[in-house]
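The values are calculated or read from the model by the stated rules, or taken from the named source; none is laboratory data. Since the model is a prediction, treat every value here as computed from it, not as a measurement. Cβ sites come from the backbone with ideal geometry, for glycine too, and all protein chains shown count toward neighbours.
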2 protein chains.
Amino acid sequence: MRDVAVIGVGCTPFGEKWETSFRHLFIEAGALALDDAQVAGEQIDAMYVGNMSAGRFVEQEHIGALIADYAGLASHHIPSTRVEAACSSGGLAFRQAVIAVASGMEDIVVAAGVEKMTDVATGASVDTLAGAADREWEGFVGATFPGLYAMLATDYMHRYPLTREQLAQVAVKNHYNGARNPIAQFQQEITIDTVLKSSLVADPLRLFDCSPITDGAAAVILAPLERAREFTDTPVRVLASAQASDTITLHDRRDISTLDATVAAGRKAFSIAGLTPKDINLVEVHDCFTIAEICAIEDLGFCKKGEAGKLTEDGVTSLHGSIPVNTSGGLKACGHPVGATGIKQVYEVVQQLRGEAGKRQVSGAKIGMTHNVGGTGATVAVHILGV
Amino acid sequence: MRDVAVIGVGCTPFGEKWETSFRHLFIEAGALALDDAQVAGEQIDAMYVGNMSAGRFVEQEHIGALIADYAGLASHHIPSTRVEAACSSGGLAFRQAVIAVASGMEDIVVAAGVEKMTDVATGASVDTLAGAADREWEGFVGATFPGLYAMLATDYMHRYPLTREQLAQVAVKNHYNGARNPIAQFQQEITIDTVLKSSLVADPLRLFDCSPITDGAAAVILAPLERAREFTDTPVRVLASAQASDTITLHDRRDISTLDATVAAGRKAFSIAGLTPKDINLVEVHDCFTIAEICAIEDLGFCKKGEAGKLTEDGVTSLHGSIPVNTSGGLKACGHPVGATGIKQVYEVVQQLRGEAGKRQVSGAKIGMTHNVGGTGATVAVHILGV
């Protein structure tokens with residue numbers, strides 16, 4: 001298989017984009033990525049688009065073709081494929097694009113993610129998101145995603161040392177980073193008090209433990225490494241792509257506080273890249289809820305089980321700590337347009353590795369990781385990127 | 001890239017499966033395919049699942065993980081990815097599986113398709129299917145799929161010689177074949193009169209010009225050609241995989257009676273395989289409506305534009321003609337569980353090439369083709385298989 005590089009990235013500002021349609025969100029991100037890579041649309045060989053539920057959010061399926069058409073590429077008849085894996089749709093779209101280039105089948109491939117979540121009422125969007133869990137054994141009996149992650153948090157806090165304040169610190173850190181990221185939905189720093197005094201959503205999770213409902217799109221452009229310098233002076237290599245699955249229901253897991261799919265995908269990615277957690281300079285993890293970041297840090301091997309709360313409290317995962325986590329602001333502060341999140345994670349890591357992350361730059365970053373989760377961990381995609 | 005072979009196939013009977021759930025449909029097909037390939041679940045390295053709209057049909061997304069879980073593979077944490085391209089979702093799932101094996105990334109890969117369409121009322125399913133067209137410029141202004149294909153038929157019949165009887169003959173032929181296919185939804189032969197006297201749906205298309213609403217699933221198992229004989233004495237090679245896109249709306253096309261994406265994908269497939277239409281012994285085309293089969297035969301190059309009606313009338317496309325089209329009964333008689341159709345086409349061709357097609361066997365068939373269309377032609381997947 002060929003080595004693959006990211007040659008361009010683009011991302012819309014994330015937020016409640018009342019004025020922008022699903023299809024135009026994508027075009028905005030795609031145009032930014034093409035511009036960044038100095039690639040013309042006609043040079044694109046194929047596209048992969050991650051999207052969770054345009055069917056229910058905007059009553060539109062057939063997303064790959066729609067996007068290729070609105071990108072002005074219909075007359076080129078390029079293959080354009082939608083990939084869906086709930087909140088990890090973006091991560092899987094990136095992975096399919098990597099495979100397409102690595103295989104030798106395609107050269108210049110766009111991997112994108114998009115979700116327009118605010119065109120339906122909040123109740124409808126919560127129910128749509130419940131489609132990422134098991135509809136028959138979770139959704140129909142009333143489990144929402146805050147409820148499922150609250151059960152995970154309750155189990156975790158019963159078994160491991162994690163204080164309510166440490167959990168809140170995840171959100172405080174991510175808002176700090178988001179306040180330094182122009183595309184973040186939330187640009188305000190918060191305090192532990194902000195989190196602890198926010199309304200209870202599903203005990204122990206409060207409003208500021210939860211990622212918001214968001215519209216947004218992100219796109220990256222891949223090329224064979226051997227061709228990357230035709231387009232950019234700063235190609236970023238894809239060092240590993242790994243994907244793992246697990247039971248769709250939380251209650252069927254061996255251990256509900258450990259995401260075995262994260263463990264499996266993480267180990268596989270490190271093995272492919274020949275690296276260990278110590279080699280990673282920054283990691284974007286899937287903090288759909290604060291507890292999810294705690295689990296991710298542990299399950300990826302950055303510390304032992306039960307230690308991530310203390311690690312967070314001690315600032316180890318902060319922008320200037322030894323392993324910065326979610327320098328973008330994560331899902332918590334950037335927002336979480338579900339299909340776009342996995343691509344936005346790659347967008348952040350590429351900016352960091354190029355030294356273009358501005359006020360949130362991790363100095364000397366050479367290797368970064370992304371970790372994108374579908375549902376409560378039934379799908380996980382992990383990628384390692386390096387310069 | 002490595003050569004790829006199909007080592008096993010399975011398909012549920014297609015029909016209105018009130019007694020079977022979405023997830024159990026898939027498992028039925030998957031188990032048949034595993035059994036056919038003599039492969040154990042633990043040997044599977046990855047899965048790709050084509051599905052158009054489980055989000056709206058059964059309120060379930062995250063289909064890849066759900067399916068891997070219900071297949072009993074959660075503890076193996078295999079990558080499992082849903083692919084969506086409306087009615088060509090199955091064809092694209094097959095293609096992604098081919099790419100995964102060809103790349104060297106995975107060895108034993110399941111490509112499957114599934115749709116459960118009868119859990120919602122007919123009106124809701126018609127609206128869900130309209131999500132395969134452009135929701136903003138077609139669906140919202142009232143265009144349904146019968147309406148869109150009726151416009152295509154009207155344009156075609158205005159420009160080319162095609163009689164109402166020739167169009168009906170497509171349905172008569174496909175019901176004849178379906179009556180010889182155990183998995184077909186409709187097992188009855190019909191006459192031209194049946195079609196002409198059936199109720200008008202969208203002029204000139206009548207009820208018997210339309211494929212029905214169907215539940216069903218199909219699965220095939222792929223392996224590198226070099227390993228295929230570990231599993232089967234009758235591997236079927238994938239000689240070409242091609243995919244093309246076009247404008248999502250019918251009205252934006254250069255020519256609404258010619259599916260340019262079919263032309264592009266067909267040409268590419270023939271070019272990859274080093275073959276011409278004369279080399280094809282049978283072809284499964286996407287006859288969601290009778291007019292779609294007429295266009296497909298022409299756009300794939302089996303005859304010139306305007307000749308397919310006469311060809312059909314003359315029996316050239318019948319089971320014992322020189323280019324048998326839709327020996328399975330096609331979408332018309334097998335039924336059209338949208339996500340499953342592209343895989344069922346492969347299932348049919350593999351049966352034919354192995355000489356296992358029973359009463360519908362094309363004698364001496366060595367090379368077959370599948371043609372799977374999303375929407376009115378915004379996505380097309382073409383595959384060539386051979387022994």
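A few comments on the model shown:
- Scanning the stretch A:2-47 for residues that are at positive phi and part of a loop (DSSP other than H, G, I, E, B) gives a single hit, A:38.
- Only one entry in A:274, A:306 is touching a Phe, Trp or Tyr at 6+ places or on another chain (Cβ under 8 Å), on the phi > 0 side of the Ramachandran plot and modelled with pLDDT of 95 or more, namely A:306.
- Residue check, residue B:299 charged (D, E, K, R) and free of Cβ contacts under 8 Å to residues at least 24 places away in the same chain: no
- Conditions (1) over 18 Å from the mean Cα position of the chain (by Cα); (2) closer than 22 Å to residue B:111 by Cβ; number of the one not met by residue B:258: (2)
- Of all residues in the stretch B:54-77, none that is farther than 14 Å from residue B:27 by Cβ and touching a residue at least 40 places away in the same chain (Cβ under 8 Å) has its Cβ atom under 7 Å from the Cβ atom of a residue that is surrounded by fewer than 24 Cβ atoms within 10 Å (Cβ to Cβ) and among the aromatic types (Phe, Trp, Tyr), 6 or more apart or on another chain.
- Across the stretch B:101-147, the qualifying residues are those that are within 11 Å of chain A (Cβ to nearest Cβ) and among the β-branched types (Val, Ile, Thr), and the one among them that is farthest from residue B:84 (Cα to Cα) is B:101.
- Hits in the stretch B:1-44 - residues which are surrounded by fewer than 17 Cβ atoms within 10 Å (Cβ to Cβ) and farther than 28 Å from residue B:186 by Cα: B:1, B:2, B:3, B:38, B:40, B:41, B:42, B:43
- Any chance residue B:336 is within 9 Å of the chain's Cα centre (by Cα), farther than 15 Å from residue B:281 by Cβ and not in a helix (DSSP H, G or I): yes
- Flag for residue B:90 being more than 8 Å from chain A (Cβ to nearest Cβ), buried (at least 18 other Cβ atoms within 10 Å of the Cβ), in contact with a Ser or Thr (Cβ under 7 Å, 6 or more places away or on another chain) and touching a residue at least 60 places away in the same chain (Cβ under 8 Å): yes
- Here residue B:98 fits the description: buried (at least 23 other Cβ atoms within 10 Å of the Cβ), out of contact with any Gly (no Cβ under 9 Å at 6 or more places or on another chain), within 11 Å of chain A (Cβ to nearest Cβ) and touching a residue at least 24 places away in the same chain (Cβ under 8 Å).
- Of the residues examined, residue B:85 is not one that is in contact with a Cys (Cβ under 7 Å, 6 or more places away or on another chain), crowded, with 24+ Cβ neighbours inside 10 Å and modelled with pLDDT of 95 or more.
- Within this structure, residue A:218 fails the test of being closer than 30 Å to residue A:94 by Cβ and within 14 Å of another protein chain (Cβ to nearest Cβ).
- If the condition is being part of a loop (DSSP other than H, G, I, E, B), surrounded by fewer than 23 Cβ atoms within 10 Å (Cβ to Cβ) and at the interface with another protein chain (Cβ under 7 Å from one of its Cβ atoms), then the stretch A:59-74 contributes only A:59.
- Among the residues of the stretch A:340-349, none qualifies, meaning not one is part of a loop (DSSP other than H, G, I, E, B) and among the acidic types (Asp, Glu).
- Reported count of residues in the stretch A:32-56, each being more than 9 Å from chain B (Cβ to nearest Cβ) and under 22 Å from residue B:131 (Cα atoms), is 3.
- Filtering the stretch A:75-87 to residues that are more than 23 Å from the chain's Cα centre (by Cα) and either in a helix (DSSP H, G or I) or more than 7 Å from every other protein chain (Cβ to nearest Cβ) (or both) leaves A:75, A:76.
- Residue in the stretch A:160-171 that is free of Cβ contacts under 8 Å to residues at least 24 places away in the same chain and over 23 Å from the mean Cα position of the chain (by Cα) present: no
- Of all residues in the stretch B:329-347, one or more are at pLDDT 95 or above, under 23 Å from residue B:209 (Cβ atoms) and in contact with a Lys or Arg (Cβ under 7 Å, 6 or more places away or on another chain).
- Residue match in the stretch A:309-324 (condition: within 14 Å of another protein chain (Cβ to nearest Cβ) and of a type outside the set (Val, Ile, Thr)): no
- Strands (runs of 3 or more DSSP E) wholly inside the stretch B:181-259 that include at least 1 residues being among the aliphatic types (A, V, I, L, M), crowded, with 18+ Cβ neighbours inside 10 Å and out of contact with any Pro (no Cβ under 7 Å at 6 or more places or on another chain): B:216-224, B:236-245
- When the residues of the stretch B:329-387 are filtered to those that are within 14 Å of chain A (Cβ to nearest Cβ) and of a type in the set (A, V, I, L, M, F, W, C), the one that is nearest to residue B:129 (Cα to Cα) is B:338.
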